[in-house]
Amino acid sequence: MLALKCIDLGKAFGRRWLFRRLSFTVPQGTGLVILGPNGSGKTTLLRLMCGLMQPTEGKVVWEINDTELSPKQVRSLIGIVLPDCEPYDELTAEENMELIADLHGVDRSSVNEWLERVGLARAKRQFVGEFSSGMRLRLKLAMSLVHEPMALLLDEPTAMLDEQGRQLVSKLIEEQKRKGIVIIATNDERDAVYGEQQIVLGKNH
């Protein structure tokens, strides 16, 4: 069983602490929603969880059956949607997906299936530079899921999506929770339904 444990986690930039002494466990089959206003540290917390940033204090531990995973093992187990992890504008949706599939050593045959699932099958040969913000977010979701990760970390996954897009994201999140873990950072209170656990940042600032 997969589990994420954050132990006395803290992150400071200079003399300013975004948060301190955060401790929680996210077991397999559940979701965690991180709420808070802009600037409260939601994206930073996601970055700490996926190893893109190091904490100032405390630690982040990913485990399978109580055995701690190495950073390399963690990278292969998680899918991430972050604001600055963008697809290449000069490539098509299909080419971006194939690039990610190759990076993960996944068969390219799954690319079209995922583009279909996020509603981009008809746009697969369109350059991403021509995409709307909603289409771009759908593509980023497909890119994060193509290697069938056990954990999915999403930053503002429903921002810029219409109702149909929100329903799609909701379905993908529920599917992901059944096989692993979902962690969502958001300032949209409606997204709170995706998490059995919630953390609210920025209450003391």
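The values are calculated or read from the model by the stated rules, or taken from the named source; none is laboratory data. Quantities reported herein were computed from a predicted structural model and do not represent experimental measurements. Cβ coordinates were reconstructed from backbone atoms using ideal geometry, including for glycine residues, and neighbour counts include every protein chain displayed.
Couple of notes before you dig in:
Conditions (1) farther than 29 Å from I34 by Cα; (2) not acidic (D, E), marked per residue:
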| position | (1), (2) |
| --- | --- |
| S110 | yes, yes |
| E113 | yes, no |
| R122 | yes, yes |
| L139 | no, yes |
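- Among residues of segment 57-72 that are within 18 Å of Q28 (Cα to Cα) and of a type in the set (F, W, Y), those with a beta-carbon under 9 Å from a residue that is exposed (fewer than 14 other Cβ atoms within 10 Å of the Cβ) and at pLDDT 95 or above at least six positions away or on a different chain give the pairs W62/E68.
- Per-region count, segment 1-49, residues among the aliphatic types (A, V, I, L, M), at pLDDT below 95 and either part of a loop (DSSP other than H, G, I, E, B) or surrounded by fewer than 17 Cβ atoms within 10 Å (Cβ to Cβ) (or both): 1
- Checking the stated criteria, A159 turns out to be small (G, A, S) and at pLDDT below 90.
A quick yes/no check of all residues on (1) free of Cβ contacts under 8 Å to residues at least 60 places away in the same chain; (2) of a type in the set (D, E, K, R):
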residue	(1), (2)
L46	no, no
M49	no, no
R75	yes, yes
Y88	yes, no
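- V106 satisfies every condition listed in (1) assigned to a helix (DSSP H, G or I); (2) surrounded by 14 or more Cβ atoms within 10 Å (Cβ to Cβ); (3) modelled with pLDDT under 95 except (1).
- Filter result for the condition that a residue is within 25 Å of G51 (Cβ to Cβ), over 17 Å from the mean Cα position of the chain (by Cα) and of a type outside the set (F, W, Y), over L115, L103: L103
- Among the candidates A185, A192, A159, A142, residue that is over 22 Å from D102 (Cβ atoms) and surrounded by 18 or more Cβ atoms within 10 Å (Cβ to Cβ): A185
- Qualifying positions in segment 122-155 - over 24 Å from R47 (Cα atoms) and not basic (K, R): A123, Q126, F127, V128, G129, E130, F131, S132
- Selection count where residues are in contact (Cβ under 8 Å) with a residue 60 or more places away in the chain and either surrounded by 13 or more Cβ atoms within 10 Å (Cβ to Cβ) or under 15 Å from the mean Cα position of the chain (by Cα) (or both), scope segment 163-178: 2
- Condition broken by L52, with the remaining ones in (1) in a loop (DSSP other than H, G, I, E, B); (2) in contact with a Pro (Cβ under 9 Å, 6 or more places away or on another chain); (3) aliphatic (A, V, I, L, M) satisfied: (2)
- Of the candidates R15, R21, the single residue that is among the charged types (D, E, K, R) and closer than 23 Å to E196 by Cα is R21.
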